[in-house]
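Worksheet for the structure shown next.
Every number here is computed from the coordinates shown, using simple stated rules; none is lab data. Here the structure is a predicted model, which is why all the values come from computation and not from measurement. For neighbour counting, all protein chains shown are included, and Cβ atoms are generated from backbone atoms with ideal geometry for every residue, glycine included.
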Amino acid sequence: MLAQFKLGKSTVFYLFAAPFALLTIVMGLWPIALSIQTSFTDSYTALSPDPVYVGLSNYIKIFNDPVFLKSAWLTLRYTLIAVLLNLTIALFYAMFLSSSVLSRGAWLFKLCCFLPVVTPDVAGFIVWKWMYSSDFGAINAMLNAIGLPDFGGVSSVQTATIAILIAEMWYHVGFYIVIFLANFAMLDKSLDEAAMMDNAGFWRKFYKVTLPQLRPAITINMIYALIQFLKTFTVVVVITKGGPGTTTNFISYYAYRQFDQAQYGTATAMATVLFAVIMVLASGLYWYSQRRDWR
Amino acid sequence: MKLNALMGATALALCTTTASAQELVVWHDLGDNGIAWFDKMSEVFQKTNPGVTVTSVSFPTDQWYGKSIAAINTNTAPDLIYNNYERVIRVVNQTGKIKDLTETFGAMDDVGFLTESDIGVATYNDEMIILPVQRVQMGFGIRDSWLDAVGEEFPETWEDTIRVAKKFVEEDPDGNGRADTYGLALQAANPRDLIHMLDLYTFGAGLRHTLIDPDGEITIDQPDHKAVLIEFLKTFTEYGLVSPDTITHSFPEMYQVIEGNRAGMFRVGDWNVKKWDTEESLNGDFRIGEWPAHINGTENAVVIGGMRGVAVPENAPNLDLAVEFAKFMLSKEAQAASLQNVGAAVRGDFEIEGLSERRLYFAQPKHTLNAYDFPESVHSFYPELEAEFHRELVEILVDPQDDWDAYVEELADRMREKRDALMQ
């Protein structure tokens, strides 16, 4: 009787869940599968009813393309710097915001941090582009007003990556701060008090007591940031278009350019490589963070 | 019984309506101006083809490609597609289902206004893939008031252009008291944008090929070509005549520079003039002419940068009617509507009233015209070769050379190697 009840309950559950599961498969997995399939076809026949399959030739082509290899290196380097910078700043900013010293004004800072996250990214990046303009940009106007030299912004090879890193940080960091703040709110205060009684210094307390308890937030933020920055696209489209030269020609943008040139096979091969890299790195990071003893 | 009769009559009436009413669907990328043009043509076409309506749908260019290719390949094609010749070539290459209009064109009487060059541009792999409908002319524009302010005339040569451009940078031609003006507005963000600018320099100077000639010879290190290419690269890197942000500028940013009154010299397409004549934009404060002459003895020109035309998919739902409409697009009425709404046409043998001096410049051309060479119609490997050329140029703009001459020689050698590899 009990078994029958359980089966019945499960059946109802599966019946209700089935449409959503089906939708997830159709809407989520099907496009990915199609994209991977396209990466094995000749670009000129990719959209035809009988595409010509060319095996791994698109993959061989992109791995022999120096622009793609440079693009892959630029993407990885940018991601590494962006993840570290964003999470470090978000962590210490969240620590500052959760401090009891700031009990009254904290909401204002939180609001200011989070507003960019809910701002449409294109609109935000257009404003950044204007601010970086060497003709009428606010940033150079401010620098000049205090007697400092011009910032090259997005027009200089030396500063273009920094410029979009700053713009992206403005957009993303608020999200990471919110995740950290949620974790900070759950910290066990008795551990802090015990550390204080043991005369542990700030850094020792931070490293041995606070940081281990922030493991959930760090894991979520790192994985999210990794995915976000490996896929960096909108900021490039809006502000730099891959330039100057190929300084910000990250994989997503390069694949998009290939797609725009009707090179569907190579474009989807690039997208598939990026997808694989994201999956491996994100899974590896998750596995490592679960396995590691943080104390 | 009465009810049955009524239902029968209704069904018959519905069938009759369905049978006589036909809708032709056209896909293009001309935006609102294009939609207005097709609406006007639809009105006129209906007079001789009662019950036929023409519905046009405008897509952003990149979506137009994908949608056209996918629809034609899956037998859900529109009746007609409309775009630049080189874009239709891409559709031909990816579908193989664009109707050869050679016979159709051969049977048309009133086509004397089309030049051999126009017809050549419409032909790919010995098939006429489009009926040419609009020449895309691009001239050299200069702010009239700025020329007056610096006491100069419309520049004829490249040396004149450099001199005037420097004055535009240094002499505050807009009189606002700020050093915020540039000599030229260009763009370089996307490789295709950059090569487009080089095409204007090259064909405007009267040369015939930007990169490769019909025999497959790389041309960029031939003396005249090299001279133009080096000056082009120096415009971006050494002369200080363009905004430093130009290397990240694409079309929208280039237009912001022009329409924001920050550059004195710029490309003027025939489709730009209508807007730039209005108060909201340049208010007609610009003059149009041929591109500057770089080479002694070579005639400089306004550039025909493309040919827009209409193509008919072989699997169009209303194939015969679609061909009829394509032919109609070369009629005086359709061409007049084209000039009025889009600013371009291939014929001018009709009354043109109310057009500004600048619009007449393109509508009834009296200047030298030099058309792009469209190497993709001769060399199937050209798109890949051009992509490589683009990449080289984009890289070098941020790495200025001391010896441009040696750089171009080496670049030409690399292009030859690439060409040879692609030809294998």
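To the nearest 20 debye, what is the magnitude of the charge dipole of the protein assembly as shown about its Cα centre, counting +1 on the Cβ of each Lys and Arg and -1 on the Cβ of each Asp and Glu?
4580
Specify which residue in the list B:Leu422, B:Leu207, A:Met142 is farthest towards the positive end of the charge dipole of the protein assembly as shown, using unit charges on the beta carbon of Lys, Arg (+1) and Asp, Glu (-1), about the Cα centre.
The residue sitting farthest along the positive end of the dipole is A:Met142.
List the GluC sites (Glu not before Pro) within region B:148-199 that fall in a DSSP loop (any state other than H, G, I, E or B) and whose Cβ has at most 16 other Cβ atoms within 10 Å.
Here the GluC sites (Glu not before Pro) that fit, given the DSSP loop and packing criteria, are B:Glu153, B:Glu156, B:Glu171.
So, by mean Cβ neighbours within 10 angstrom, what's the order for A:20-28, B:360-368, A:231-239 with the highest one leading?
A:231-239, B:360-368, A:20-28
Can you figure out the FRET efficiency of A:Asp150 with B:Ile352, using R₀ = 51 Å and their beta-carbon distance, to the nearest 0.05?
0.55
Share of antiparallel DSSP beta bridges in the protein assembly as shown, in percent to the nearest 5?
Among the beta bridges of the protein assembly as shown, antiparallel pairing accounts for roughly 60 percent.
Is there a simple number for the mean count of other chain Cβ atoms within 10 Å of the Cβ of residues in B:188-200, and what is it?
For peptide B:188-200, the averaged partner shielding equals 2.
Would you work out the charge dipole size for region B:212-343 about its Cα centre, treating the Cβ of every Lys and Arg as +1 and the Cβ of every Asp and Glu as -1, and quote it to the nearest 20 debye?
300
Could you tell me which trypsin sites (Lys or Arg not before Pro) in region A:59-108 are loop residues by DSSP with no more than 16 other beta carbons within 10 angstrom of their beta carbon?
Answer by residue number: A:Arg104.
Within 10 Å of each candidate Cβ there may be at most 14 other Cβ atoms; applying that plus a DSSP loop requirement, which GluC sites (Glu not before Pro) in region B:34-112 survive?
Hits after loop and neighbour filter: nothing returned.
Pop a pseudo-label 7 angstrom from the Cα along the beta-carbon direction at both A:Trp107 and A:Ile162 and give the gap in nm to one decimal.
Going by the 7 Å Cα→Cβ label model, 3.8 nm.
How large is the charge dipole for chain A, taken about the Cα centre, if only the Cβ atoms of Lys, Arg (+1) and Asp, Glu (-1) carry charge, to the nearest 20 debye?
It comes to approximately 740 debye.
Please list B:214-223, B:342-351 highest first by mean number of surrounding beta-carbon atoms within 10 Å per residue.
B:342-351, B:214-223
Along the Cα→Cβ direction, 7 angstrom out, place labels at A:Leu29 and B:Phe113. What is the inter-label distance in nm?
5.9
For A:Ala282 and A:Ser99, FRET efficiency with R0 = 41 Å and r from the beta-carbon atoms, rounded to 0.05?
0.85
Among A:Ala17, A:Asn58, A:Ser35, whose Cα lies farthest out toward the positive end of the dipole of region A:1-105, if unit charges sit on the beta carbon of Lys, Arg (+1) and Asp, Glu (-1)?
In region A:1-105, that residue is A:Ala17.
Can you give the calculated 222 nm mean residue ellipticity of chain B, where each DSSP H run of n ≥ 4 adds -39,500 (n - 2.57) and the sum is split over every residue, rounded to the nearest 500 deg cm²/dmol?
About -14500 deg cm²/dmol.
Considering only DSSP beta bridges where both residues belong to chain B, give the percentage that are antiparallel (nearest 5).
Roughly 60 percent of the DSSP beta bridges within chain B come out antiparallel.
What does the charge count near A:Trp170 come to, summing +1 for each Lys or Arg and -1 for each Asp or Glu among other residues with Cβ under 14 Å from its Cβ?
Here the count lands on -1.
For chain A, what does the helix formula give at 222 nm: sum of -39500 (n - 2.57) over DSSP H segments with n ≥ 4, over the residue count, nearest 500 deg cm²/dmol?
-22000 deg cm²/dmol
With the crude spin-label approximation of a point 7 Å out along Cα→Cβ, what separation in nm comes out for A:Ala185 versus B:Asp420?
6.9
Cross-link list B:Lys99/B:Lys366; B:Lys47/B:Lys327; B:Lys99/B:Lys327; B:Lys40/B:Lys327: which exceed 24 angstrom alpha carbon to alpha carbon?
Too far apart for the 24 Å limit: B:Lys99/B:Lys366.
For B:382-388, what's the mean count of beta carbons from other chains sitting within 10 Å of each residue's beta carbon?
Per residue, the number of nearby Cβ atoms from other chains is 2 on average.
What does the charge add up to near B:Arg359, with Lys and Arg as +1, Asp and Glu as -1, over the other residues with Cβ less than 12 Å from its Cβ?
Taking every other residue near B:Arg359 into account, the sum is -1.
How shielded is B:233-245 by partner chains, expressed as the average number of their Cβ atoms within 10 Å of its Cβ atoms?
2
Specify which residue in the list A:Ile164, B:Val302, A:Leu281 is farthest towards the positive end of the charge dipole of the protein assembly as shown, using unit charges on the beta carbon of Lys, Arg (+1) and Asp, Glu (-1), about the Cα centre.
A:Leu281
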